[in-house]
2 protein chains.
Amino acid sequence: VIVYGRNPVREALRGTRAVSRIWATGSVLRQPWLATAAVSRVDVDTAAAIARRCGSNAHQGICAEVGEFRYADPAELLAGEEPLLVALDQVQDPQNLGAVCRTAESAGAAGVILPARRTAAITAAVCKASAGAVEHLPVARVRNLADWLGMVKRRGLWCYGAAAGAELDYLSVDFSGGVVLVLGSEGNGLRPRVAAACDALVAVPQRGRIESLSVSAAAAVLLFAASKSRA
Amino acid sequence: VIVYGRNPVREALRGTRAVSRIWATGSVLRQPWLATAAVSRVDVDTAAAIARRCGSNAHQGICAEVGEFRYADPAELLAGEEPLLVALDQVQDPQNLGAVCRTAESAGAAGVILPARRTAAITAAVCKASAGAVEHLPVARVRNLADWLGMVKRRGLWCYGAAAGAELDYLSVDFSGGVVLVLGSEGNGLRPRVAAACDALVAVPQRGRIESLSVSAAAAVLLFAASKSRA
């Protein structure tokens, strides 16, 4: 498969996927990080040819042929002690999915859980939106998110669902221990069964006139609040 | 000028810009919030015609003709007591500018300051990315951002620049009082003169392998940290 963009290609080179070929424009080829890359074939190409190859104009002059994205085993995400995890319920927009993965990786989360259906897959667009973070962040899929949350609660993790109207302010939550932050799609929020499977619903208090934070902004606020509890 | 998308049109109707015409698809026209809108002309149109009119496919079946975006006077942003402000240095991506405006409005910021040059303007794409938040959020432009920061510091505001490598952790900062959060463009960060004009540079500590948070995620973390200090 193809990934494109400077950060996605650079992080693929630093990650676990095999990178078999790179195509880049002349000016990108001269960048030092690329000059030292251990790839058997690096070819110079025009921006237009690169755009055709990756089906996007957001390639920043570079794309690469890499191995398929390997989803993690959900059990793997629970292996570490007191993991911080993010579960996304039906987030179908690649930009939002990528942005949340990028922030999760930055905040030190152990991984991201997605329901297998009605969720964006880890496509090249998601890699790009994540700035390549998905190369270092375990992403697992589960058949039924509500059931999975029930299972991890029995294992001692705390599941907090983000809900704009919830009474509980995120600032009064102790995010220490194993934690799953559960966020829904914009517009729809969490499905009722998923919300019911959480230990508590928490809100980021809004002080403005518009309806709600974006899912990526809510994820950033909650992830770094949780990150702080484990500093 | 034209704005498009459900939230941007809805917030324009609730804001200060005159909305002279709306074009929407049949199914969008039947939505209750639009049925009660006080607009002299509301016309049904096809998705393709709406896309042509707004030059984007992200219109969600609706666009509107509205008055020009009115930038605020920078002095107006300083009128309130102990304002929380965001200054963006050379953020040229409409998605990032819109996302920061949305989060700023949600966090209760009094406004956003942009340098007049080398910054995205408040276009329809920015309105869309902000989910209409720019209709309620004063956005002002200044000729020289470093000079403006120097001036507001003399007026008693604290200016904190976000810098990935800064020694000062944002968690140890007291964001009470009048505060300007200064964020740079992705990739380039703050220009040296802008960084030097800040009282302090603060970092959101990174726990992952990728280089840095997105500007919109960093803005979300810092804005809600500052919002908390004034709860």
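Per-structure values
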read-out	value
Loop trypsin sites (Lys or Arg not before Pro), the range A:1-51 (other Cβ atoms within 10 Å of the site Cβ: 16 or fewer; DSSP)	A:R30
Loss of accessible area when A meets B, both sides summed, Å² nearest 100, probe 1.4 Å	2900
Accessible area of the protein assembly as shown belonging to carbon and sulfur atoms, whole % at 1.4 Å probe	47
Accessible area expressed per residue, the range A:131-231, with surrounding protein chains retained (probe 1.4 Å, Å²)	43
Reachable lysines from B:K228, criterion Cα separation under 23 angstrom, eight or more residues apart if same chain	A:K228, B:K153
The range B:1-141: translational diffusion in µm²/s, Stokes-Einstein, Kirkwood Rh over Cα pairs, 10 °C, 1.306 mPa s	103
Pseudo-label separations to other copies for A:V39 - Cα-to-Cβ vector, 7 Å, nm	4.7
Whole-percent pair-distance distribution, where bins are 10 Å wide, for the alpha carbons of the range B:101-231	12, 44, 38, 7
Those lysines that a straight Cα-Cα span of less than 25 Å connects to A:K128, excepting residues fewer than 8 apart in one chain	B:K128
Solvent-accessible area lost in complex, 40 Å² minimum, residues of the range A:131-146 relative to chain alone, 1.4 Å	none
Longest exposed-site-free window of chain B, the sites being GluC sites (Glu not before Pro) in a DSSP loop that have at most 14 other C-beta atoms within 10 Å	B:82-166
Ellipsoid equivalent to the range A:66-156 - semi-axes via the Cα gyration tensor, in Å	21, 15, 11
Other copies of A:S176: label-to-label distances in nm, shortest first, labels 7 Å along the beta-carbon direction	2.5
For the range A:44-102, the fraction of alpha-carbon pairs in successive 5 Å shells from zero, as %	3, 13, 15, 17, 18, 13, 9, 8, 4, 1
Net charge over other residues, Cβ less than 10 angstrom from the Cβ of A:L114 (K, R count +1; D, E count -1)	+2
Inter-label distance, nm, simple model (7 Å from Cα along the C-beta direction), A:K153/B:D174	4.1
Local electrostatic count, A:S40, Cβ distance below 14 Å [Lys/Arg +1, Asp/Glu -1]	0
Antiparallel bridge percentage (DSSP; both residues within the range B:79-230; nearest 5)	5
The range A:99-122 and the range A:167-231: distance between their alpha carbon centers, rounded to Å	15
Closest Cβ on chain B to the rotation axis that carries it onto A (distance rounded to whole Å)	B:A220, 2
Among beta bridges that DSSP assigns inside the protein assembly as shown, antiparallel share in %, nearest 5	25
Kirkwood hydrodynamic radius of the range A:7-70, from inverse mean 1/r over distinct Cα pairs, in Å	11.8
Equivalent ellipsoid dimensions for the protein assembly as shown as semi-axes, Å, which come from the Cα gyration tensor, largest first	32, 27, 27
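The values are calculated or read from the model by the stated rules, or taken from the named source; none is laboratory data. Please read all numbers here as calculations on a predicted model, not as lab measurements. For neighbour counting, all protein chains shown are included, and Cβ atoms are generated from backbone atoms with ideal geometry for every residue, glycine included. Ligands, DNA and RNA are stripped out before the accessible areas are found, and what is left, the full protein with its side chains, is counted by its heavy atoms. Shrake-Rupley method; radii C 1.70, N 1.55, O 1.52, S 1.80 Å.
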